[in-house]
Amino acid sequence: MTDNIAFIGGGNMARSLIGGLLAQGRNPASIHVAEPVPLLREALQHDFGVHVHADGAQAVTAAGIWVLATKPQVLRPVCEALCGQAQAAQPLVISIAAGITATQITRWLGGAIKVVRTMPNTPALLGAGVTGLFADARVSAEERQFADRLLAAAGKTVWLDDEAQMDAVTAVSGSGPAYVFLLAEAMIDAGVQEGLPADAARALALQTVLGAARMLTEAQADAAELRRRVTSPNGTTQAAIETFEAGGLRSLVASAIHAARVRGAELAAAND
C-alpha cells in the first residue's frame with residue numbers, strides 16, 4: 001500500500017478529513033483530490049496545499065488509498081470509470097457515501113477490492129462527529145487502523161461486525177443531527193409562544209442542547225439516570241416529561257429511526 005491518498009470528491013466532508021490528516025502531520029504532497037468544480041479545486045489547493053485534479057483517473061495514479069467522497073447517486077459511474085485502475089493497483093478503498101454497500105463498491109470496481117464503508121455525520125465538519133465503520137474480510141488490521149485514524153480526525157469512531165447494521169447507523173447518527181435541530185427549532189418556537197423574545201428563546205434553547213450533550217458525554221451516568229436527576233417530583237420538568245410520554249415521544253422516535261433505516265436500504269437498492 002503506497003502512502004499517497006486520493007480523494008474522489010472535494011466537498012465539505014472531504015475537506016474535513018483532509019484537514020484532520022494534515023493536523024496529524026501528513027505531508028500535503030501525499031494527498032491528491034479529484035474535484036470537477038474549478039473553484040472548489042482552487043480552494044482545496046490554496047487552503048491545504050494538496051494536489052488537485054479535474055478527474056478521478058488523474059488523482060488515483062500511484063495512490064494506495066482511495067477515499068470515495070462523492071454523492072451516492074453518482075458513485076457507480078465514478079467507480080466504473082476507475083475499474084481498470086482499481087484492478088491494477090488493488091488499493092484500500094474507504095467510502096463515505098451514504099447507503100452504498102461494500103459489495104456494490106467492490107462489484108463496480110471489478111471485484112476483489114478491499115473496502116471500508118463508513119457513515120460519518122455532519123458534526124464531523126467541526127471535529128465533533130461520530131462515524132460508523134465496517135471493513136470487509138479483505139481489509140488487514142493495519143488498514144483498519146488507518147481508516148480509524150482517518151475518521152477519528154472527524155470525531156469518535158464505532159466499528160461494526162455486520163454491514164447490515166450500517167443502515168441503522170445512518171438512521172441514528174447519520175440523520176441524527178437533524179433530529180436535534182428539529183427539537184431545538186421546536187423549543188425556540190415554543191419559547192416565543194410563551195412570551196420570550198426570539199433571540200432570548202434561541203440562546204436559551206441552543207445552550208441547553210449544548211450543555212445537555214456535554215453532560216451526556218462527560219457524566220458517569222446514562223441518559224435515563226440524568227433525566228431522573230433533573231426531574232423533581234411534581235415539578236415543572238415532570239409536567240413536561242409526562243406530556244412528552246403521553247404524546248408518544250418514544251414510539252414516534254422509534255418510528256422515525258425505523259423509517260430512516262428502511263429508506264437507507266431502499267436507496268442502496270435504487271443505486272444498484
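The values are calculated or read from the model by the stated rules, or taken from the named source; none is laboratory data. As the structure is a prediction and not an experimental result, all values here were calculated from the model. Methodologically, a virtual Cβ is constructed for each residue, glycine included, from the backbone with ideal geometry; neighbour enumeration extends over all protein chains shown.
Summary table below
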quantity: Condition met for residue 114 (surrounded by 16 or more Cβ atoms within 10 Å (Cβ to Cβ) and either without any contact (Cβ under 8 Å) to a residue 60 or more places away in the chain or β-branched (Val, Ile, Thr) (or both)); calculated: yes
quantity: Count of region 197-234 residues which are in a helix (DSSP H, G or I) and of a type outside the set (Lys, Arg); calculated: 23
quantity: Residues of region 117-139 satisfying the condition of being out of contact with any Gly (no Cβ under 9 Å at 6 or more places or on another chain) and either in contact (Cβ under 8 Å) with a residue 24 or more places away in the chain or β-branched (Val, Ile, Thr) (or both); calculated: 125, 133, 134, 135, 136, 138, 139
quantity: Restricting region 2-31 to residues that are in contact with an Asp or Glu (Cβ under 7 Å, 6 or more places away or on another chain) and not polar (S, T, N, Q), the residue that is surrounded by the fewest Cβ atoms within 10 Å (Cβ to Cβ); calculated: 9
quantity: Filter result (within 15 Å of residue 91 (Cβ to Cβ) and touching a strand residue (DSSP E or B) at 6+ places or on another chain (Cβ under 7 Å)) within region 34-57; calculated: 34, 56
quantity: Selection from region 1-29 of residues that are out of contact with any His (no Cβ under 9 Å at 6 or more places or on another chain) and among the small types (Gly, Ala, Ser); calculated: 9, 10, 11, 14, 16, 19, 20, 23, 25
quantity: Any chance residue 64 is modelled with pLDDT of 95 or more, in contact with a strand residue (DSSP E or B) (Cβ under 8 Å, 6 or more places away or on another chain) and within 15 Å of residue 146 (Cβ to Cβ); calculated: yes
quantity: Unmet requirement for residue 161, which otherwise passes all of (1) touching a helix residue (DSSP H, G or I) at 6+ places or on another chain (Cβ under 6 Å); (2) not in a helix (DSSP H, G or I); calculated: (1)
quantity: Check on residue 170, within 13 Å of the chain's Cα centre (by Cα) and in a helix (DSSP H, G or I); calculated: yes
quantity: Failed condition for residue 144, given (1) touching a strand residue (DSSP E or B) at 6+ places or on another chain (Cβ under 8 Å); (2) closer than 18 Å to residue 267 by Cα; (3) basic (Lys, Arg); calculated: (2)
